[in-house]
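The structure appears below as structure tokens.
The values are calculated or read from the model by the stated rules, or taken from the named source; none is laboratory data. Everything quoted here is computed from the prediction, not taken from an experiment. Positions of Cβ are backbone-derived with ideal geometry, glycine not excepted, and every protein chain shown enters the neighbour counts. Remember, those area values only see protein heavy atoms, side chains included, never the ligands or the DNA or RNA. Shrake-Rupley method; radii C 1.70, N 1.55, O 1.52, S 1.80 Å.
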Amino acid sequence: MKSYMKRTVVNTTLAVVLAATPVFAAASDAGETVIGTAQIYNQTTQDTAKQPAKDAPKQDAANATMIADDLVIGNPSIVTKTLTYEDAVSMAKENSTKLRGFEDQAEYLQELKEDIWDMTGSFAVSPVTHQTWVSPEVYGIYSSIQNITSGMVQNKYGKEITNLTLEATVKNYFTSLFSDESSLELAKADAKVKKELYEQGQRKNELGMLSQYKLDMLKNDYEQSKLKVDQLSIALQQEYAAFYDLIGKQDDEHFTLLYDTVYAPYEMQDSLEHYIDSQLNTDYTIKIRQQALEDAQFSKNYMSEMITSTQQKTNAFSYDEAKRALKTAKDQKKLAIKNAYNNLQQIETQYETAQNARKQAESALHVAQVNYKVGYATKIAVEQAELAVIQAKNAVRQLEYAHDMQIYQFENTELLGSGQQA
């Protein structure tokens with residue numbers, strides 16, 4: 001995972017108490033299905049950030065804004081354990097059979113390397129830039145060394161890519177869980193308002209002030225809002241279960257998820273082109289392609305005295321293919337990084353628009369509250385204005401989560417593009 005340079009920023013801790021099998025209960029007000037008991041409160045903290053170890057862009061702390069919700073979901077009477085993102089990543093890695101496979105493969109290749117060393121007293125193949133014929137015995141030894149060396153390199157980078165993929169998957173679960181919890185709260189608030197509108201419509205219909213057709217429309221809106229709550233609740237339960245499976249925990253264990261996020265417009269330390277060039281020199285997926293090219297070059301230049309003309313041509317063709325594959329991988333990676341950066345900028349533009357919409361919704365709510373106090377607005381009008389504020393805040397929150405995930409992918413380019421080998 002990345003480390004960040006110390007720098008004061010506005011920071012917010014998000015917390016959610018979860019169980020893999022949440023209890024479903026009927027909400028008394030809106031009649032919707034909810035997961036456990038939700039409690040939302042605000043907390044503002046000051047924290048420090050650190051600069052990415054790679055030559056990566058940085059965030060502008062001066063423009064940082066906070067995510068202002070700490071969300072706690074679950075039964076408050078249940079004793080829970082705190083689970084940070086870093087702890088969850090460690091659990092996921094410990095639970096990963098793929099990572100264990102890389103470790104076993106590394107041990108196996110090391111044993112093969114030691115066997116070659118014991119037989120020859122060396123473990124090296126001199127690079128050659130021209131075709132060289134050697135005896136079948138020497139070629140057999142050289143081929144073994146090349147294959148073992150290549151296997152060790154690919155195993156090393158494959159393991160690193162898997163580590164990054166697991167880190168990204170856990171991060172995605174954290175942001176997705178908080179995002180979906182936020183969407184569920186919005187859906188419940190919407191269902192509550194639609195229930196009141198339907199009940200109000202029933203009274204108007206009884207007094208002859210509302211047609212049956214319009215009443216049926218209100219009823220349908222209310223039924224659809226309840227269905228949406230149920231669907232989101234079930235999806236969230238399934239997401240919790242999948243997350244528990246990823247980190248290797250049982251259904252009856254309970255955790256308080258803690259996740260620190262910071263929103264700030266992203267600022268490049270250098271030009272995008274320079275950043276791309278730097279990443280192409282360190283990206284593990286590109287290094288794997290480069291190793292494949294070295295393998296093809298060995299096969300083209302080192303030849304057994306027993307090699308046939310057909311095999312020579314095949315090896316030469318494979319070398320040319322490997323060169324093309326490396327160039328294609330680099331081109332795709334460049335495009336993927338540019339697209340990721342453009343997506344990041346688009347999210348930031350959308351974020352500013354969403355913030356303006358939130359401010360407008362809050363202003364409209366204030367007007368509705370004032371009008372209600374002097375008798376110029378109904379209670380339901382105020383509740384609708386409150387719902388609009390919740391919707392606007394949820395839109396902001398969703399973009400904050402998307403921004404956080406997009407930055408992570410942009411800084412870990414192995415997660416971008418079709419050249420990924422994991």
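Looking only at region 99-119, which residues are within 24 Å of residue 296 (Cβ to Cβ) and of a type outside the set (Lys, Arg)? Reasoning before the result, please.
Initially, region 99-119 is screened for residues within 24 Å of residue 296 (Cβ to Cβ), giving 102, 105-106, 108-109, 112-113, 116.
Result: 102, 105, 106, 108, 109, 112, 116.
Just to check your reading of the model, which residue among 400, 383, 414 is within 30 Å of residue 101 (Cα to Cα), in a helix (DSSP H, G or I) and not aliphatic (A, V, I, L, M)?
Values: 400 fails: within 30 Å of residue 101 (Cα to Cα); 383 fails: within 30 Å of residue 101 (Cα to Cα).
Being within 30 Å of residue 101 (Cα to Cα), in a helix (DSSP H, G or I) and not aliphatic (A, V, I, L, M) holds for just one of 400, 383, 414, which is 414.
Filter region 311-327 for residues that are open to solvent by 70 Å² or more (accessible area, probe 1.4 Å) and either under 20 Å from residue 278 (Cβ atoms) or in contact with a Cys (Cβ under 8 Å, 6 or more places away or on another chain) (or both) and give the result.
Looking only at region 311-327, we keep the residues that are open to solvent by 70 Å² or more (accessible area, probe 1.4 Å), and these are 311, 313, 317, 321, 323-324, 327.
If the condition is that a residue be open to solvent by 70 Å² or more (accessible area, probe 1.4 Å) and either under 20 Å from residue 278 (Cβ atoms) or in contact with a Cys (Cβ under 8 Å, 6 or more places away or on another chain) (or both), then 327 is the only one that fits.
For region 202-223, which residues satisfy the criterion of being in contact with a helix residue (DSSP H, G or I) (Cβ under 8 Å, 6 or more places away or on another chain) and of a type outside the set (D, E, K, R)?
202, 205, 210, 211, 212, 215, 218, 222
Filter region 108-131 for residues that are outside any helix (DSSP H, G or I), at pLDDT 85 or above and either touching a helix residue (DSSP H, G or I) at 6+ places or on another chain (Cβ under 6 Å) or hydrophobic (A, V, I, L, M, F, W, C) (or both) and give the result.
Residues satisfying the conditions are 123, 124, 125, 131.
Given 279, 291, which one is open to solvent by less than 30 Å² (accessible area, probe 1.4 Å), more than 25 Å from residue 130 (Cα to Cα) and touching a Ser or Thr at 6+ places or on another chain (Cβ under 6 Å)? Spell out how you get there, then give the answer.
Details: 291 fails: more than 25 Å from residue 130 (Cα to Cα).
Going through 279, 291 in turn, just one is open to solvent by less than 30 Å² (accessible area, probe 1.4 Å), more than 25 Å from residue 130 (Cα to Cα) and touching a Ser or Thr at 6+ places or on another chain (Cβ under 6 Å): 279.
Test residue 136 against the criterion of being touching a Ser or Thr at 6+ places or on another chain (Cβ under 6 Å), surrounded by fewer than 16 Cβ atoms within 10 Å (Cβ to Cβ) and either over 21 Å from residue 389 (Cα atoms) or of a type in the set (Val, Ile, Thr) (or both), and give yes or no. Step through it out loud before you land on a result.
Working: touching a Ser or Thr at 6+ places or on another chain (Cβ under 6 Å): yes; surrounded by fewer than 16 Cβ atoms within 10 Å (Cβ to Cβ): yes; either over 21 Å from residue 389 (Cα atoms) or of a type in the set (Val, Ile, Thr) (or both): yes.
Spelling it out, residue 136 is indeed touching a Ser or Thr at 6+ places or on another chain (Cβ under 6 Å), surrounded by fewer than 16 Cβ atoms within 10 Å (Cβ to Cβ) and either over 21 Å from residue 389 (Cα atoms) or of a type in the set (Val, Ile, Thr) (or both).
Step by step: first the residues of region 243-256, then only those that are at pLDDT below 90 and not acidic (Asp, Glu), then the one that is surrounded by the most Cβ atoms within 10 Å (Cβ to Cβ). Which residue is that?
Result: 255.
State whether the residues of region 169-185 include one that is more than 30 Å from residue 97 (Cβ to Cβ) and open to solvent by 20 Å² or more (accessible area, probe 1.4 Å).
yes
Go through (1) within 30 Å of residue 412 (Cα to Cα); (2) surrounded by fewer than 16 Cβ atoms within 10 Å (Cβ to Cβ); (3) not hydroxyl-bearing (Ser, Thr, Tyr) one by one and return the number of the condition residue 296 breaks.
Condition (2) is where residue 296 drops out.
Name the single residue, out of those in region 366-384 being under 23 Å from residue 195 (Cα atoms) and in contact with a Phe, Trp or Tyr (Cβ under 9 Å, 6 or more places away or on another chain), that is least open to solvent (accessible area, probe 1.4 Å).
Here the answer is 382.
Sort through 394, 371, 356 and tell me the only one that's more than 30 Å from residue 294 (Cα to Cα) and within 22 Å of the chain's Cα centre (by Cα). Break it down stepwise before answering.
Details: 371 fails: within 22 Å of the chain's Cα centre (by Cα); 356 fails: within 22 Å of the chain's Cα centre (by Cα).
Being more than 30 Å from residue 294 (Cα to Cα) and within 22 Å of the chain's Cα centre (by Cα) holds for just one of 394, 371, 356, which is 394.
Does residue 163 satisfy being closer than 30 Å to residue 312 by Cα, open to solvent by less than 40 Å² (accessible area, probe 1.4 Å) and in contact with a Leu (Cβ under 9 Å, 6 or more places away or on another chain)? Lay out the reasoning, then the answer.
Details: closer than 30 Å to residue 312 by Cα: no; open to solvent by less than 40 Å² (accessible area, probe 1.4 Å): yes; in contact with a Leu (Cβ under 9 Å, 6 or more places away or on another chain): yes.
Judged against the criteria, residue 163 is not a match.
Select, from 331, 270, the only residue that is in a helix (DSSP H, G or I) and either out of contact with any strand residue (DSSP E or B) (no Cβ under 9 Å at 6 or more places or on another chain) or more than 30 Å from residue 355 (Cβ to Cβ) (or both). If you could, list the steps in order and put the result at the bottom.
On the way: 270 fails: in a helix (DSSP H, G or I).
Exactly one residue qualifies, and that residue is 331.
Restricting attention to region 194-242, which residues are closer than 22 Å to residue 183 by Cα, among the small types (Gly, Ala, Ser) and surrounded by fewer than 16 Cβ atoms within 10 Å (Cβ to Cβ)?
235, 241, 242
So is residue 390 assigned to a helix (DSSP H, G or I) and crowded, with 16+ Cβ neighbours inside 10 Å or not?
Working: assigned to a helix (DSSP H, G or I): yes; crowded, with 16+ Cβ neighbours inside 10 Å: yes.
Yes: the conditions hold for residue 390.
Out of 386, 414, 400, 362, I need the residue that is of a type outside the set (A, V, I, L, M) and in contact with an Asp or Glu (Cβ under 8 Å, 6 or more places away or on another chain). Which one?
Details: 386 fails: in contact with an Asp or Glu (Cβ under 8 Å, 6 or more places away or on another chain); 400 fails: in contact with an Asp or Glu (Cβ under 8 Å, 6 or more places away or on another chain); 362 fails: in contact with an Asp or Glu (Cβ under 8 Å, 6 or more places away or on another chain).
Being of a type outside the set (A, V, I, L, M) and in contact with an Asp or Glu (Cβ under 8 Å, 6 or more places away or on another chain) holds for just one of 386, 414, 400, 362, which is 414.
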